[in-house]
Amino acid sequence: MQTTERALYLLAIIAPMLIGLIAFSLIAFSKTGKLRMQTKWKAFYWLAAGASMGFGLIAFGLGLLPFLFGLILALYGVKRIGPRGFWLVLVGMGLVPVALLMYNYITADNSTFFPDSYLYGIALFGAITLAGLIWGLAETRRITTIER
């Protein structure tokens, strides 16, 4: 594994967890049951939880530790923030593996054989991302029709 690849993997592990921990601490130390957090921080929280879950699904060598971390963040977030915007977990859970698999597929040496399972993984996690985006579109349309 090259140095740049290792740096990308470490960034993929550390960044969602740090964002999740920051948002988790904001939620955990709030005085009310529901946190009145800005919408952008909620989005970062949900995306970080999903990104951790997605990375945990694709990085089996870590023993699914990032997946469990993201799952705990997601469940705690539903309890404290509420389910609004939860669709971003699916988007994050699909985008991180798609990005890592696409990076590996594009940067692979042309002389070596590349397994088709990477393409199947891209399709699977792309479908998860698409399901999250469709859910988000439906939720956004429902909310705008209720507010009218």
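The table for this structure:
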{"quantity": "Out of Leu35, Leu26, Leu18, sole residue that is in a loop (DSSP other than H, G, I, E, B) and either at pLDDT below 85 or of a type in the set (D, E, K, R) (or both)", "calculated": "Leu35"}
{"quantity": "Single condition Pro66 does not satisfy, out of (1) farther than 24 Å from Ile134 by Cα; (2) buried (at least 16 other Cβ atoms within 10 Å of the Cβ); (3) modelled with pLDDT under 65", "calculated": "(3)"}
{"quantity": "Qualifying residue in segment 69-87 (condition: exposed (fewer than 14 other Cβ atoms within 10 Å of the Cβ), out of contact with any Phe, Trp or Tyr (no Cβ under 7 Å at 6 or more places or on another chain) and modelled with pLDDT under 80)", "calculated": "no"}
{"quantity": "Pick from segment 91-130, criterion of a type in the set (Gly, Ala, Ser), over 15 Å from Ser52 (Cα atoms) and surrounded by 15 or more Cβ atoms within 10 Å (Cβ to Cβ), ranking: modelled with the lowest pLDDT", "calculated": "Gly121"}
{"quantity": "Residue check for Tyr45: surrounded by fewer than 22 Cβ atoms within 10 Å (Cβ to Cβ) and in a helix (DSSP H, G or I)", "calculated": "no"}
{"quantity": "Residue list for segment 74-101, restricted to those being under 22 Å from Ala138 (Cβ atoms), among the small types (Gly, Ala, Ser) and under 15 Å from the mean Cα position of the chain (by Cα)", "calculated": "Ala74, Gly77, Gly85, Gly92, Gly94"}
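The values are calculated or read from the model by the stated rules, or taken from the named source; none is laboratory data. Predicted model only: the values in this text are computed from it and were never measured. Methodologically, a virtual Cβ is constructed for each residue, glycine included, from the backbone with ideal geometry; neighbour enumeration extends over all protein chains shown.
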